[in-house]
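*Asks:* There's a structure below that I have some questions on.
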């Protein structure tokens, strides 16, 4: 009988095993039962934790980059690159796993590090950037990422609004004049597996903020803050994207 051939392509077991660790455990079990089996391990991901790692050895190179973590402390992350295509992972730059000591910070965590990684990829020659958006520690609607890309988020007095979703309730204007001009020539692709709008009973706060540490009072504050943010974005750009899923 010819040797059996098995491809093992597992995603992570969130909070316990990486995709590769799951694959290796399954492979060990198969080989223990059928030593003659030809096993190939192909880690996969869904845009969240482990997306960049899954691309290592799959035709992509990993590029180290230092960016702001979710509470703005520097973290050593990576993005994946193949030719002029780059993949940047939110979880690896400023996700839950990057919180110092694992302490949740639902009101103050920022997505700034994701934007810094995008700029690093563009600096490296990327013309298409895929954003893996799972595993976020923040509830800021991507406001931190926008800041890193050159936008300014201002309150009624013209001062910068503090980082984090909890501060967006004081947002009065968004200045996009400083956005990196190269973004106009860069294709941005989003990789995620959810279809939630920004606001409402199926929105970002209602669905995801509890896992980031937000209690009922925090959720009420964040929902109102994101509504202000969405309205300001619509006023600034002339396009209302709050209901897009």
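Bear in mind that the values in this text are calculations on the coordinates, not laboratory data. Quick caveat: nothing in here was measured; it's all calculated off a predicted structure. Neighbour counts run over all protein chains shown; Cβ positions are idealised from the backbone, glycine included.
*Asks:* Stretch residue 73-residue 34 to full length: gain in nm at 0.36 nm per residue minus the Cα-Cα span? Could the numbers behind the result be given before it?
*Replies:* Numbers: separation 39, 0.36 × 39 = 14.04 nm, distance 4.77 nm.
My answer for the length gained is 9.3 nm.
*Asks:* Also: For the range 165-215, compute Rh as the Kirkwood radius over C-alpha pairs and then the Stokes-Einstein diffusion coefficient at 37 °C and 0.692 mPa s; write the answer in µm²/s, rounded to an integer.
*Replies:* Values: Rh = 14.3 Å.
Roughly 230 µm²/s, to the nearest whole number.
*Asks:* For the range 1-44, just list the percent of Cα-Cα distances falling in each 10 Å bin from zero outward, please.
*Replies:* Each 10 Å bin holds this share of Cα pairs: 32, 47, 18, 2, 0.
*Asks:* Taking R0 as 35 Å, what's the FRET efficiency between residue 243 and residue 21 from their Cβ-Cβ distance, rounded to 0.05?
*Replies:* Details: r = 39 Å, r/R0 = 1.11.
The value I calculate is 0.35.
*Asks:* Any number yet on Rg/Rh for the range 1-102, C-alpha, Kirkwood?
*Replies:* Numbers: Rg = 16.4 Å, Rh = 15.1 Å.
Radius of gyration over Kirkwood radius for the range 1-102 works out to 1.08.
*Asks:* So what's the back-of-envelope 222 nm ellipticity for the chain, counting only DSSP H runs of four-plus at -39500 (n - 2.57) apiece and dividing by all residues, rounded to 500? Intermediate results must be reported in sequence, preceding the final value.
*Replies:* Details: 7 runs with 70 residues, N = 245.
It comes out at -8500 deg cm²/dmol, rounded to the nearest 500.
*Asks:* Follow-up. Under the 0.36 nm per residue contour assumption, what length would be gained going from the current alpha-carbon distance of residue 56 and residue 42 to full extension?
*Replies:* On the way: separation 14, 0.36 × 14 = 5.04 nm, distance 1.03 nm.
Difference between extended and current length: 4.0 nm.
*Asks:* Does anyone have the angle between helix 112-123 and the longest principal axis of the chain? Alpha-carbon axes, 0 to 90°, nearest 10?
*Replies:* On a 0 to 90 degree scale, this one is about 70.
*Asks:* What is the packing order of peptides 38-47, 81-90, 186-195, taking the mean over residues of other C-beta atoms within 10 Å and listing the highest first?
*Replies:* Values: 38-47: 17.3, 81-90: 22.4, 186-195: 12.3.
Sorting 38-47, 81-90, 186-195 by mean packing, highest first, produces 81-90, 38-47, 186-195.
*Asks:* For the chain, take the longest principal axis of its alpha carbons; what is the angle in degrees between that and the long axis of helix 19-33, to the nearest 10 within 0 to 90?
*Replies:* Between the helix axis and the principal axis of the chain, the angle is about 20 degrees.
*Asks:* Cα centroids of the range 95-110 and the range 131-205: how far apart, whole angstrom?
*Replies:* So the two Cα centres are separated by 17 Å.
*Asks:* Next up: For all pairs of alpha-carbon atoms in the chain, what percent lies in each bin of width 5 Å, listed from the first bin to the last filled one?
*Replies:* P(r) for the chain, in whole percents per bin: 1, 7, 12, 16, 18, 16, 11, 7, 5, 3, 2, 1, 1, 0, 0, 0.
*Asks:* Return the equivalent ellipsoid semi-axes of the range 101-245 as a descending list in whole Å, where each equals the square root of 5 times an eigenvalue of the C-alpha gyration tensor. Write out the running numbers ahead of the final one.
*Replies:* Numbers: eigenvalues 108, 68, 45 Å².
Working from the Cα gyration tensor, I get semi-axes of 23, 18, 15 Å.
*Asks:* Using 0.36 nm times the number of residues separating residue 175 and residue 155, minus their current alpha carbon distance, what extension gain do you get?
*Replies:* Details: separation 20, 0.36 × 20 = 7.20 nm, distance 1.10 nm.
My answer for the length gained is 6.1 nm.
*Asks:* Quick one: angle between helix 216-237 and the longest Cα principal axis of the chain, in degrees between 0 and 90, rounded to 10, please.
*Replies:* Here the helix axis deviates by roughly 70 degrees.
*Asks:* Of all the Cα-Cα pairs you can form in the range 186-228, what percent are over 15 Å apart? Can you show the working numbers first?
*Replies:* Values: 416 of 903 pairs.
Tail of P(r) above 15 Å: 46 percent of Cα pairs.
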